[in-house]
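Read-outs throughout are calculated quantities, based only on the coordinates presented, and are distinct from any laboratory measurement. Keep in mind the model is a prediction, meaning the values are calculated, not measured. Don't worry about glycine lacking a Cβ; one is built from the backbone with ideal geometry, like all the others, and counts go over all protein chains shown.
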Amino acid sequence: MDIESVHRFRRLAADDAFLHRVFTQKELDYCLAHRSPAPHLAVRFAAKEAIVKALSGLNRTGVSYKDIEVTNNESGLPTAHIHKRGFERLRIALTLSHSHSQAVAFTIITEAP
C-alpha cells in the first residue's frame, strides 16, 4: 500500500525529467490528457511504490519505476505490468483511488502456477 500527496505532483508536473524517469510514455499520455494531471500522476506513482514494496516482501528486487506500467483495461479498471525479464509470471491485483489532496494504491502480488 502507498499514499501520496496530490499537491506534490502539481509541482512535479512541470518537471519533465522526473516524469520521463518515472513514467512510461503510455502513462504520461494518459495522465497529461486530463485537465488536471496531478491526481492521475500521483495515483500511478503510489501504485508503483506499492508494487515495489510488495515485491521486496517477496525478495524480488531490481525493478525500476519505469519497468512498472500502470494502465486501465478496456473496462477502465487499473492494471499493472512489469516489463522486465524474470517477472512475467507475477499476477498483480491493484486498486487505486484519489481525492483532491491524496492518492492511494493497494496491491497484492502472487506468482502464477
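Charges at C-beta only: +1 for Lys and Arg, -1 for Asp and Glu. How large is the resulting dipole of the range 2-111 about its Cα centre, in Debye rounded to 20?
Working: 15 positive and 12 negative charges, 34 e Å.
Taking the Cα centre of the range 2-111 as origin, the dipole is about 160 debye.
Counting Lys and Arg as +1 and Asp and Glu as -1, what is the net charge of the other residues whose Cβ lies under 14 Å from the Cβ of Pro39?
Working: positive: Arg8, Arg10, Arg11, Arg35, Arg44; negative: Glu4, Glu27.
After counting each charged neighbour, the total is +3.
Under 16 Å from a label point 7 Å along Cα→Cβ of Arg21: give me every residue in the range 41-66 with its amide N that close.
Answer for this model: 45, 49, 64-66.
In degrees from 0 to 90, rounded to the nearest 10, what is the angle of the helix 38-57 Cα long axis to the longest principal axis of the chain?
Taking the Cα atoms of the chain, the angle to 38-57 is about 20 degrees.
For Met1 and His83, compute 0.36 nm times the residue count separating them, minus their Cα-Cα distance, and round to one decimal in nm.
Working: separation 82, 0.36 × 82 = 29.52 nm, distance 2.06 nm.
Separation in residues times 0.36 nm, less the Cα-Cα distance, equals 27.5 nm.
For the pair Arg8/Arg91, report the inter-label distance in nm, with labels modelled 7 Å from Cα in the Cβ direction.
3.1 nm
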